[in-house]
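Have a look at the structure below, then the notes.
Read-outs throughout are calculated quantities, based only on the coordinates presented, and are distinct from any laboratory measurement. Everything numeric here is computed off the predicted structure, so don't read it as measured data. Don't worry about glycine lacking a Cβ; one is built from the backbone with ideal geometry, like all the others, and counts go over all protein chains shown.
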Amino acid sequence: MAILTVDRLLAAVAEDRRDAGIVIAAKYQPVGGPGGKVMPPTFPEGPYLTEDRWVDGERLRTVVIDQAPSQANRVEEALSQARRGGRIAIPVFELTASTELGPVRLTSLDFPHRYADAYLRDSEVDGKRFDASEVGSALRTASVDDVRPLYHREPYSLIFGAWDSHRKGRWPKFARLYSSSMFGLDPIVGDRRGGRMDPLNLTGRVGETAASGHWVYRAEGERVKGNKLSEIGHGNIAPGKAHGGVTVTEVRRQA
């Protein structure tokens, strides 16, 4: 197996390169080893996203563990931590605002739509709306033929993909260069029940007093309007169905 070195990477991105890209293939096991449960993301129509894939020449049932947008967010979080720790130097936009709960700080590594995000669009630079500022105007000139204005100020939009879809006009779409996903093989959907036991075994209903806003306890047999105890965090909750996760033979990552 060839060792990936800096020289090899430089050759791979040179103008006379013959490489189309770098492929990462990795295999993982759940915590505890084979047979351990994993908790995939849930979806309203799912709860889990399953599909057939060709794996090692064989058609297998798989379950999505982590999709490309989520994998990109994980890399952005790692870049942000490395930048804060002084390990790397990369350009970012920084948005600061004062709120009732204290100062808020976001960088372009936190923006969901990267350089095209509404947070950036609705911010100000030295009292000017972002789009009217020097840097904002420069970003508006970026195109698929000349990405330099974006590369100099927000290069990860070119790596993870971005599209300025909230402004009027036809703005360029930058397809992601980095794409990674994780999926589990041969998923078996598990079952789980979730409930809660009240240490005092309270039963009944509650009503609020208009003057104080405090709740008062009403016995089960007493005829009175009120809310269930569970709605204010008391009483027992009978076990009900909950997402039970899946067991898989292994988890694979393709990037």
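Residues that are assigned to a loop (DSSP other than H, G, I, E, B), over 30 Å from VAL55 (Cα atoms) and among the hydrophobic types (A, V, I, L, M, F, W, C) within the stretch 154-192 comprise just one, TRP171.
With respect to (1) out of contact with any strand residue (DSSP E or B) (no Cβ under 9 Å at 6 or more places or on another chain); (2) in contact (Cβ under 8 Å) with a residue 12 or more places away in the chain; (3) of a type in the set (Ser, Thr, Tyr), the lone exception for SER180 is condition (1). In this structure, does ALA175 turn out to be in contact with a strand residue (DSSP E or B) (Cβ under 7 Å, 6 or more places away or on another chain) and either over 30 Å from VAL189 (Cβ atoms) or not β-branched (Val, Ile, Thr) (or both)? When the stated conditions are applied, ALA175 does not pass them. Across the stretch 15-45, the number of residues qualifying as loosely packed, with under 10 Cβ neighbours inside 10 Å and farther than 26 Å from SER70 by Cα comes to 3.
For the stretch 81-97, enumerate the residues that are of a type outside the set (Lys, Arg) and either touching a residue at least 60 places away in the same chain (Cβ under 8 Å) or farther than 22 Å from GLY136 by Cβ (or both). Answer for the stretch 81-97, where residues must be of a type outside the set (Lys, Arg) and either touching a residue at least 60 places away in the same chain (Cβ under 8 Å) or farther than 22 Å from GLY136 by Cβ (or both): GLN81, ALA82, GLY85, GLY86, ILE88, ALA89, ILE90, PRO91, VAL92, PHE93. Scanning the stretch 109-143 for residues that are in a loop (DSSP other than H, G, I, E, B) and buried (at least 16 other Cβ atoms within 10 Å of the Cβ) gives LEU109, ASP110, PHE111, HIS113, ASP117, SER123, SER133, ALA142. For SER165, the conditions (1) loosely packed, with under 11 Cβ neighbours inside 10 Å; (2) over 27 Å from the mean Cα position of the chain (by Cα) are fulfilled apart from (2).
Taking the criterion of being without any contact (Cβ under 8 Å) to a residue 40 or more places away in the chain and surrounded by 12 or more Cβ atoms within 10 Å (Cβ to Cβ), the residues of the stretch 98-108 that qualify are LEU106, THR107.
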